[in-house]
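Participant: Before I ask anything, here is the structure I am working with.
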Amino acid sequence: MIEHRKGITIAILLIIAPPLVTLIATAHQMIGTGGDGLIRASAVVAPPAPPPPAAKPAAPAAATPAAPAAPAPTATSAAPAQVPGRSALDFSASRPDWEGFLRGADPEAGKQLAATGKPGAGVQACIACHGPAGITPTGGIFPNLAGLSREYLAKQLADFRSGTRVQPLMNTVARALTEQEIGQVAAYYGTLAGPPLHVGEFGGDAARKLDLQGDGARALPACANCHGLRGMGEGPLLPRLAGQSKEYFTDQMNAFRNGSRQNDDVGVMRAFSQRLTDSEIEALALYYAGPPPKPK
Ligand code: HEC
Ligand code: HEC
């Protein structure tokens with residue numbers, strides 16, 4: 001009986017011992033490296049002073065006071081070539097400049113500016129290209145501004161100004177405006193109703209399917225998920241597509257596709273546009289544009 005018990009005790013000991021040893025060894029190693037395991041801050045060579053927002057997300061992650069842990073996460077996010085706009089790896093709270101431009105902005109002053117431009121600074125009236133009430137009579141390369149939100153408009157003007165969105169005409173215009181004036185014109189155009197809806201009359205079923213369902217096989221979400229039902233726009237930063245001309249729409253899709261427009265903050269439009277064919281982009285352009293404008 002006693003012999004039997006001894007045998008069981010030894011067997012149990014033999015079973016428990018190896019994992020116990022592993023556990024102790026792992027704990028020892030973790031303590032020895034200051035809790036960071038194999039990923040030590042010193043193991044990654046980081047640029048000396050990363051941009052200030054990086055300090056914030058690092059703080060809750062590494063509570064160990066021993067290691068200067070801040071450079072570790074930034075080293076990985078700073079590695080790819082710097083692209084204008086916001087990185088998909090940047091999870092810090094966004095505080096865009098244009099928010100400030102809009103604070104207390106007077107739409108009446110914006111209306112005035114839209115009608116006269118700034119002759120002294122060589123800026124033509126906005127209405128010359130964007131139409132008298134933010135709806136371009138000719139279409140073509142000129143987008144309608146009516147129907148877009150003040151936030152989206154201010155963001156685009158700020159992006160043209162900083163150069164994250166490139167188009168020579170609008171880069172010149174936006175750089176000649178003050179921050180206050182950008183707020184004013186954005187506030188003004190944000191009050192105007194967009195053109196009547198004709199979405200879906202053209203472009204066929206392929207475009208309709210992409211708008212309403214997307215294509216799971218290509219990991220393409222429905223455009224309507226972000227741009228609203230019938231391209232009406234959604235919330236402050238997801239622009240209306242309905243009523244933009246075929247040319248403007250196609251230009252923007254191609255610009256996202258070839259990377260010349262990079263101001264979609266986390267790169268969603270750059271990614272989605274690359275999964276579409278030329279003929280799908282053309283069909284979508286007709287789908288959102290509706291009937292061609294009548295020449296006046
Ligand atoms: C000389 C013609 C011209 C004038 C004047 C002009 N724009 Fe533009 N604007 C354009 C063109 C062309 C585009 C399309 C840019 C592109 O293809 O990226 C554009 C685009 C824009 C956009 C982006 C719209 C979108 O859907 O993303 C905004 C906002 C804008 N303009 C605001 C203004 C304001 C405000 C003024 C007056 C202060 C103005 N523009 C004056 C030609 C002009
Ligand atoms: C995950 C959200 C999302 C989805 C899905 C999406 N978009 Fe966008 N799209 C955006 C955002 C955000 C912007 C504005 C980027 C910026 O700030 O300049 C944008 C901008 C655009 C613009 C430029 C509008 C202008 O006025 O200049 C076009 C055109 C466009 N999207 C077409 C599409 C089409 C077509 C689809 C479906 C195939 C689609 N988008 C799906 C988020 C999305």
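Values quoted throughout were computed directly from the atomic coordinates according to the rules given, and no laboratory measurement underlies them. Computed from a predicted model, the values in this text were never measured in an experiment. We place every Cβ from the backbone using ideal geometry, glycine too, and count neighbours over all the protein chains shown.
Participant: On a C-alpha basis, how far is the centre of region 192-253 from the centre of region 124-147 in Å? Whole number, if you could?
Facilitator: 20
Participant: Wrap a convex hull around the Cα atoms of region 205-251, take a quarter of its surface area, and give that in square nanometres. Before the final figure, lay out the partial values.
Facilitator: Working: hull surface 14.8 nm².
For the Cα atoms of region 205-251, the hull's average projected area reads 3.7 nm².
Participant: Taking amide H positions as placed in the peptide plane 1.01 Å from N, state which residues far from L220 in sequence (5 or more) or on other chains have amide H under 5 Å from it.
Facilitator: For L220, whose amide H was placed from the backbone, the distant partners under 5 Å are D215.
Participant: Kindly write out, for region 192-209 in residue order, the coupling ³J(HN,Hα) from the Karplus curve 6.51 cos²θ - 1.76 cosθ + 1.60 (θ = phi - 60°), rounded to whole Hz, with x marking Gly and Pro.
Facilitator: 8, 7, x, x, x, 7, 10, 4, x, 6, 10, x, x, 6, 4, 5, 4, 5
Participant: Rounded to whole Hz and in sequence order, give me ³J(HN,Hα) for region 267-282 from the Karplus expression 6.51 cos²θ - 1.76 cosθ + 1.60, θ = phi - 60°, writing x for Gly and Pro.
Facilitator: x, 4, 5, 4, 5, 5, 4, 6, 8, 9, 8, 4, 6, 5, 5, 5
Participant: A further question on this structure: In square nanometres, what is one fourth of the surface area of the convex hull spanned by the alpha carbons of region 106-151?
Facilitator: 3.7
Participant: L229 label point, 7 Å along Cα→Cβ, cut-off 19 Å on backbone N: hits in region 195-213?
Facilitator: What the label zone holds, given the 19 Å backbone N cut-off, is 195-202, 208-213.
Participant: Give the shape of region 140-182 as rounded, prolate or oblate, defined through the alpha-carbon gyration tensor: a ≥ b ≥ c are the square roots of its eigenvalues, a/c under 1.5 means rounded, and otherwise the shape is prolate if a/b is larger than b/c and oblate if not.
Facilitator: Working: a/c = 1.71, a/b = 1.12, b/c = 1.53.
It comes out oblate by the Cα gyration axes.
Participant: Assign one of three labels to region 97-189, namely rounded, prolate or oblate, based on the Cα gyration tensor with a ≥ b ≥ c the square roots of its eigenvalues; rounded applies when a/c is under 1.5, prolate when it is not and a/b is larger than b/c, and oblate otherwise.
Facilitator: On the way: a/c = 1.27, a/b = 1.16, b/c = 1.09.
It is rounded, given that a/c, with a ≥ b ≥ c, falls under 1.5.
Participant: Another question, then. Specify whether the C-alpha gyration tensor of region 204-289 places it in the rounded, prolate or oblate class, a ≥ b ≥ c being the square roots of the eigenvalues: rounded for a/c under 1.5, otherwise prolate if a/b is larger than b/c and oblate if not. Mind dumping the intermediate values first?
Facilitator: Details: a/c = 1.14, a/b = 1.09, b/c = 1.05.
Here region 204-289 falls in the rounded category.
Participant: For region 249-264, in order, what is each residue's ³J(HN,Hα) by Karplus, 6.51 cos²θ - 1.76 cosθ + 1.60 with θ = phi - 60°, in whole Hz (x at glycine and Pro)?
Facilitator: 4, 4, 4, 5, 4, 5, 5, 5, 5, 8, x, 7, 10, 10, 9, 7
Participant: 5 Å is the cut-off here: which amide hydrogens, built 1.01 Å from N in the peptide plane, fall below it relative to R165, excluding neighbours closer than 5 in sequence?
Facilitator: F160
Participant: Under Stokes-Einstein, with the Kirkwood radius over Cα pairs standing in for Rh, what whole-number D in µm²/s applies to region 137-213 at 4 °C and 1.567 mPa s? Walk me through the numbers before you get to the answer.
Facilitator: On the way: Rh = 14.3 Å.
In µm²/s, the coefficient rounds to 91.
Participant: I've got another one for you. Using modelled amide H (1.01 Å from N, peptide plane; none on Pro or chain starts), what sits under 5 Å from the amide H of R275, excluding residues fewer than 5 places away?
Facilitator: Those qualifying (amide H under 5 Å, at least 5 residues apart or on another chain) number zero.
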